[in-house]
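To start, the structure itself, in structure tokens.
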Amino acid sequence: MTASWHPAILAPRAAARALAVWHPGLLASGDPAICPRIHRTDAAAAHASSAHDCPKPITLESACRFCGLKELSLAVPVRNVSAPGYGEDTYLKTDTRAMSVATALFFMVGFLTCLNDVISPHLKSIFALSYSQLQNVPFYFFSSYFVFSYPGGKLVEHYGYKKTMVVGLLVMAAGALGFLPAAHYALFPLFLAALVILAAGMTIVQVAINPYVTVIGPSKTAASRLNLAQAFNSVGTFLAPFFGTYLILRHAAAPLSAERIHAMSAIQQQLYRAEQASTVRVPYMLIALALALLALALALTKLKTTTGISQNTQDFRPGAFAEALAPTGSIWQHPWLLFGALGIFMYVGAEVSIGNLLVSYMGLPQIAALPEATAGYFLMVYWGGAMVGRFIGSAILQKVRTGWLLGGAAIGGFCLVVVSLLTSGHVAMGAILAVGFCNSIMFPSIFTLGIQDLGPLTSKGSSLLIAAILGGAIVPKIQGTLADHIGLQPSFIVPTICYIYIACFGIAAIRRPLAHDMLIPSEPV
């Protein structure tokens with residue numbers, strides 16, 4: 001940090017020249033006090049608290065009585081706090097309170113997403129669904145990410161991270177409560193509607209929480225920090241199968257075959273479906289209560305920005321400083337963001353497609369012939385691998401470039417799916433369960449690479465990446481349709497295509513330049 005950036009440590013004339021870079025009216029008189037209303041803003045205060053102990057960093061935010069200019073005029077460099085990767089910011093420390101909130105939200109998102117893998121086979125047996133019809137569960141669930149990601153991004157822009165996360169949690173609670181009438185009336189469309197509302201809230205939360213985690217500490221560890229937060233997402237996905245299997249599948253009566261269900265009268269079918277569906281009421285009622293309490297706790301918690309200064313009005317609005325100081329642009333001009341969005345599409349599609357069919361896959365005679373209530377517990381192996389992998393990946397990414405690890409993980413996932421395709425029995429089952437470990441670091445790594453150096457476009461870029469979760473709707477639907485025609489095991493060729501693209505994206509990122517510093521330019525004194 002040089003003296004030319006801070007007029008408080010310059011001679012008066014030099015101070016005027018430094019300020020005049022941003023406010024030409026000052027240069028005319030040489031008097032640094034022409035604009036007398038000097039305010040201490042978050043950006044300037046950050047300069048004082050983080051860079052050095054200078055007591056009076058200054059920012060001009062008023063109308064000059066000579067030229068009438070009314071803009072934000074900075075005499076200190078402002079780092080781009082809107083995006084990860086802005087160079088040597090080692091003096092910043094990760095905000096532990098913010099990370100605690102982030103991990104709680106990631107846990108709930110992971111828990112509820114993985115619970116679909118338990119609900120799906122249960123709904124398949126209740127309503128005698130085909131594989132293609134079964135994949136309507138992820139189709140409607142993840143289509144919500146595409147539909148609601150843009151509104152979620154607008155909420156972040158207008159209300160900031162914290163308020164947006166509170167709104168998202170309340171919407172999630174409303175979706176969880178929607179399972180109560182769906183179970184009472186035993187109607188598949190009502191279950192889908194409840195899933196759409198639940199996913200809408202999760203979308204809003206993720207649009208805010210993913211970029212927020214990248215800016216609550218040093219940029220060089222942004223990928224590691226997001227991987228760590230995602231590890232708690234995996235804790236939720238690890239526990240969800242046990243919770244769902246124990247409270248839903250274990251307490252449900254033995255499912256009847258599709259032939260027996262179709263042989264029943266309409267009244268008998270409805271009674272059978274209502275009885276089977278009743279097991280989801282208590283779990284989702286507890287989930288709705290937990291989400292409401294978490295929203296209340298978050299609303300009452302004062303969080304901090306990356307600079308450590310409280311922001312009570314904007315609540316961490318992304319790009320607030322950079323948008324005032326940088327020209328507007330378009331996210332479509334950033335190829336790494338677009339390739340990253342396709343990477344998210346492929347990754348989520350592969351992970352959801354595998355996870356949603358795992359219980360049915362392990363029930364195949366040539367694989368393991370496991371009943372639903374037993375196969376559900378094995379989902380913990382799949383998602384447990386993702387959990388362990390994310391903790392390990394978070395540590396590795398402190399030393400290894402993201403592209404190397406992402407490319408290697410994708411190649412490993414491809415090989416394991418191919419092994420499961422070409423074998424049978426416990427080998428095929430073990431190989432497909434091990435794919436969870438390879439999936440572990442993919443989402444946070446792709447996301448970090450996608451929003452790197454976006455600056456004021458970070459919130460919009462985040463919205464695009466979250467919208468790409470639409471892959472969780474499209475890819476499973478393709479695999480489900482294929483499974484109805486060629487069989488469930490051969491249909492796993494679909495995820496292999498996804499892993500090929502992710503491997504290419506990761507390998508290409510190896511040569512990508514590191515995130516660069518973004519400082520407000522200044523003329524030399």
Picked from the range 79-117 (must be of a type in the set (V, I, T) and either surrounded by fewer than 19 Cβ atoms within 10 Å (Cβ to Cβ) or in the same structural domain as I216 (by TED's automatic domain parsing) (or both)), the residue modelled with the lowest pLDDT is T90
Wholly inside the range 408-525, helices (runs of 4 or more DSSP H) that include 3 or more residues that are assigned by TED's automatic domain parsing to the domain that holds V359 and closer than 29 Å to V215 by Cα are 425-439, 442-451, 458-467, 493-509
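Tell me, yes or no, whether the range 404-413 has at least one residue that is in contact with a Leu (Cβ under 8 Å, 6 or more places away or on another chain) and within 30 Å of K220 (Cα to Cα). I'd like the intermediate steps shown before the answer.
Narrowing the range 404-413 to residues in contact with a Leu (Cβ under 8 Å, 6 or more places away or on another chain): 405-406.
In the following step, the residues that additionally are within 30 Å of K220 (Cα to Cα) were identified as 405-406.
Yes, the range 404-413 has at least one match.
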task = Go through the residues of the range 441-453 one by one and say whether even a single one is modelled with pLDDT under 90 and farther than 17 Å from I344 by Cβ.
result = yes
Among the residues of the range 135-147, the number that are surrounded by fewer than 24 Cβ atoms within 10 Å (Cβ to Cβ) and either in contact with a strand residue (DSSP E or B) (Cβ under 7 Å, 6 or more places away or on another chain) or more than 23 Å from A341 (Cβ to Cβ) (or both) is 1
Residues in the range 450-505 that are under 30 Å from V427 (Cβ atoms) and touching a Pro at 6+ places or on another chain (Cβ under 7 Å) total 2
Of the residues in the range 249-289 that are surrounded by 17 or more Cβ atoms within 10 Å (Cβ to Cβ), at pLDDT 90 or above and hydrophobic (A, V, I, L, M, F, W, C), the one that is farthest from F106 (Cα to Cα) is V280
Note to self: Taking the criterion of being closer than 30 Å to G160 by Cβ, in contact with a Phe, Trp or Tyr (Cβ under 8 Å, 6 or more places away or on another chain), of a type in the set (F, W, Y) and touching a residue at least 12 places away in the same chain (Cβ under 8 Å), would at least one residue in the range 321-331 satisfy it?
What the structure shows: no
Every listed condition ((1) surrounded by fewer than 22 Cβ atoms within 10 Å (Cβ to Cβ); (2) closer than 17 Å to N210 by Cα; (3) at pLDDT 90 or above) holds for L170 save (2)
Exactly one of G376, G385 is touching a helix residue (DSSP H, G or I) at 6+ places or on another chain (Cβ under 6 Å) and more than 15 Å from N116 (Cβ to Cβ), and that residue is G385
Subset of the range 213-253, residues in contact with a Ser or Thr (Cβ under 6 Å, 6 or more places away or on another chain), touching a residue at least 40 places away in the same chain (Cβ under 8 Å) and closer than 27 Å to A183 by Cα, comes to I248, A252
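Could you tell me whether any residue of the range 299-312 is modelled with pLDDT of 90 or more and either in a helix (DSSP H, G or I) or aliphatic (A, V, I, L, M) (or both)?
At the first step, the residues of the range 299-312 found to be modelled with pLDDT of 90 or more are none.
Looking for residues that are modelled with pLDDT of 90 or more and either in a helix (DSSP H, G or I) or aliphatic (A, V, I, L, M) (or both), one finds none in the range 299-312, hence no.
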Exactly one of L338, L379, L342 is assigned to a helix (DSSP H, G or I), in contact with a Ser or Thr (Cβ under 8 Å, 6 or more places away or on another chain) and modelled with pLDDT of 90 or more, and that residue is L379
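Do we have A288 as in a helix (DSSP H, G or I) and among the aliphatic types (A, V, I, L, M) here? Show your work before the answer.
Details: in a helix (DSSP H, G or I): yes; among the aliphatic types (A, V, I, L, M): yes.
The answer is yes for A288.
This table checks each residue for (1) surrounded by fewer than 18 Cβ atoms within 10 Å (Cβ to Cβ); (2) β-branched (V, I, T); (3) on the phi < 0 side of the Ramachandran plot.
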residue	(1), (2), (3)
S149	no, no, yes
L155	no, no, yes
G160	no, no, no
G175	no, no, yes
L180	yes, no, yes
L190	no, no, yes
A193	yes, no, yes
L198	no, no, yes
G201	no, no, yes
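The values are calculated or read from the model by the stated rules, or taken from the named source; none is laboratory data. All values reported here derive from a predicted model rather than from experimental measurement. Because the Cβ atoms are built from the backbone with ideal geometry, glycine has one as well, and the counts that use them run over all protein chains shown.
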